[in-house]
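Data block below; observations after.
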Amino acid sequence: MRKIFLLLSLMLPLTLWSQKKAMTPEQLWTLGRVASVGKSPDGKYLLYKIAKTDLVTEKSNTEYFFLNLETGKEVKTNVLKDVTFVQWDKNGMYVLKGEELMKSKDNGQTWTAVSRQLKDAENIRVSPDGTWVAFSKSIPSAKVLSSEIYTDVKNSTAQIYTDLNYRHWDTWSDGKVNHVFVASITNPRTPVKDILANEPYDCPQKPFGGTEDFIFSPDSKTIVYVCKKKVGREYAQSTNTDIYAYDIGDAKTRNLTEGMMGYDVNPAFSPDGKKLAWQSMKRDGFEADKNDIIVMDWANKAKLNVTAGWDETVDGGFIWGEKSDAVYFNAAIKGTQQLFTVKVPANVMVRMMPVVEKITQGDFDVTGVIDHAGNTAIVSRTDMNHATELFSVNLENGKMKALTHANDAVYSQIKMSDTKLRMVKTTDGKEMGVWVVYPPDFNPAKKYPTILYCQGGPQSALSQFYSVRWNFQLMAANGYIIVAPNRRGMPGWGTAWNEAISKDWGGMPMLDYLAAIDDVSKESYVDKNRVGCVGASYGGYSVYMLAGIHNNRFKSFIAHNGLFDMKSWYGTTEELWFANWDLGGNYWNKPTSKSYEQFNPSNYIDKWNTPMMVIQGGIDFRVPIGQGLQAYQAAQLKGIKSKLLYIPNENHWVLHAHNGLVWQREFFKWLKETL
């Protein structure tokens, strides 16, 4: 009997494993999306949300939970039903209901209206003393719509522009700008102030800026905000955002970052109110410059770059430690994203450079830093097999504990994929990290079709990320090995490696890709006759470029919103600072940059001979529609097996669930046909 019991106990895990299934696109799209909302002032409770997509309606259904950080117990709450969360601080919990700002001092049991001045308000903040509310609105700045210029032609849809920045990301300019307003809560008869009155600039920044672009000072007398005070051609060619301080009392503004020429963003005051920190890049026009953390003494305005001596970049956000003596941030390192800290000296005029210390270690990504208290930080985390969950981190030893379990039940029924970081020698003798993702139930005695994944950016980390589109778990679940190189241009391997791709898009990075796939293809389990190549954005450019130089390594290509012809791309993209820096200027200056000749995929179309699938979003203004259509038309005219997946209402990404499902189905259908 004992032997039978032992045999059954050994067989049970195998039986449970055999019952598990591979990930499907439908499961992927319906996973819970976890995000922190706020933390109680006493530090005992975390309010977080789980959003799930209804695959019938495409709508997102959100549930909210109070998590007791001491006991780990959570309670579902309806406290945010039919309202929008604003903030939770010592004065209470604030929400927006219609045009009213509501406050609760009993965790949402009862509410009191404290302001009725928030019609059309977005991105709301309440001052620390509870006497002011700041918010953003979109207001008219210039007339570009013909129906506004010529009042007798109301049915005209024409738009008239005389400068650049006429469209951005996925939206045409309508002549409006975002401005921040501040209103008195205690004296509602006080006129609402526009802190950028008569200025044609945006705060929050377009297209993605929010409340992180403006904050109150701890004494509630000042609003610190981020703004790029440029328009038109200057705006389109510059990354020089500055951080300004607006005095609510006298309405005067001063520039805190005068002479700092790159991005200056994400300002945050220390808990004791004595220092202001923000993220900063040095060079104007270089959006992937090293991202440092600058700390300013609020009294004397002295500044210290606390990450200057560190040869990496602050790839994520940061928070202050509760004692105001350190900051915590996440950043890419060796193919992952980890939690780091750096001490902040009481006197920022010290000569000794602070030392950055890594806290966590493992095959996962710390994707955000949420809060710090005592010896614990709260972070968000992913890996290639798991979507975002919230974790606590022991700051002494880096150990992590899951706080949320939104998708545990789903993942318990799904077969996991093994992921390994493999070091590959490049053609110039450097060491390159390459993630290799294996199918569930991987058997090295078998042969598998293999996909080279080309990352976009081009200077974005290829780490343990989890996406509903480029999802390695889903690709592996369909029986493919994925080879994902940290080629030149990616953070986490030193700033020189990160910068090496600029002005060399079609040079060494292409050789890095080929070195990676050639190295992994030496393995007996790689079917060398079934190797494909996929990617989006710069990854799509890489696909188009490799299609002309791969020497028959690949049997299939998929490019999503990729750059095909560099001249026409330069003439139609919107953030020209990026094009100018990374391509080496425009195409009419002499001498002409190699980007328009030697590194232009359209110049190699005569060598294309491999099936090509082109995916293109209709409202992508970063890589406009002409790029995908040119590539598809060229493939068709050359008689190459090709397919166009055109998605009219998607931008550079795929945000709609039904479009996402079609994307996945067509993606794997194409690979099945061609590999």
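The table below gives the values:
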item	result
Output for the range 424-468, where each listed residue is hydrophobic (A, V, I, L, M, F, W, C) and either open to solvent by 40 Å² or more (accessible area, probe 1.4 Å) or closer than 24 Å to S502 by Cα (or both)	V424, M432, V434, W435, F442, A445, L452, C454, A461, L462, F465
Members of the range 366-394 that are open to solvent by 30 Å² or more (accessible area, probe 1.4 Å) and assigned to a loop (DSSP other than H, G, I, E, B)	G374, N375
Elements of type strands (runs of 3 or more DSSP E) contained in the range 57-102, each with 2 or more residues being under 23 Å from S220 (Cβ atoms) and in contact with a Ser or Thr (Cβ under 8 Å, 6 or more places away or on another chain)	92-97
Every pair of residues 6+ apart whose Cβ atoms lie under 7 Å, when the first sits in the range 504-526 and is without any contact (Cβ under 8 Å) to a residue 60 or more places away in the chain while the second is assigned to a loop (DSSP other than H, G, I, E, B) and among the hydrophobic types (A, V, I, L, M, F, W, C)	P509/I501; M510/I549
Helices (runs of 4 or more DSSP H) contained in the range 550-641 and holding at least 2 residues closer than 27 Å to Y166 by Cα and polar (S, T, N, Q)	625-637
Per-region count, the range 284-321, residues outside any strand (DSSP E or B), surrounded by 15 or more Cβ atoms within 10 Å (Cβ to Cβ) and modelled with pLDDT of 95 or more	16
Identity of the residue in the range 212-267, within 19 Å of H179 (Cα to Cα) and basic (K, R), that ends up surrounded by the most Cβ atoms within 10 Å (Cβ to Cβ)	K228
Evaluation of V126 against (1) over 19 Å from Y235 (Cα atoms); (2) open to solvent by 60 Å² or more (accessible area, probe 1.4 Å) (one fails), failing number	(2)
Positions within the range 528-567 being in contact (Cβ under 8 Å) with a residue 24 or more places away in the chain, open to solvent by 10 Å² or more (accessible area, probe 1.4 Å) and out of contact with any Phe, Trp or Tyr (no Cβ under 6 Å at 6 or more places or on another chain), in sequence order	N529, R530, A536, S537, I549, N552, R553, K555, D565
Test: residue in the range 323-332 that is assigned to a strand (DSSP E or B), open to solvent by 30 Å² or more (accessible area, probe 1.4 Å) and at pLDDT 95 or above	no
One residue from G617, G628, G660 being closer than 23 Å to I451 by Cβ, in contact with a His (Cβ under 7 Å, 6 or more places away or on another chain), of a type outside the set (S, T, N, Q) and in contact (Cβ under 8 Å) with a residue 24 or more places away in the chain	G617
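The values are calculated or read from the model by the stated rules, or taken from the named source; none is laboratory data. Since the structure is predicted, the reported quantities are computational estimates derived from the model, not experimental observations. No Cβ is skipped: glycine too gets one built from the backbone with ideal geometry, and neighbour counts run over all protein chains shown. The protein model used for the area step is the full one, side chains on, heavy atoms only, and it has no ligands, DNA or RNA in it. Shrake-Rupley method; radii C 1.70, N 1.55, O 1.52, S 1.80 Å.
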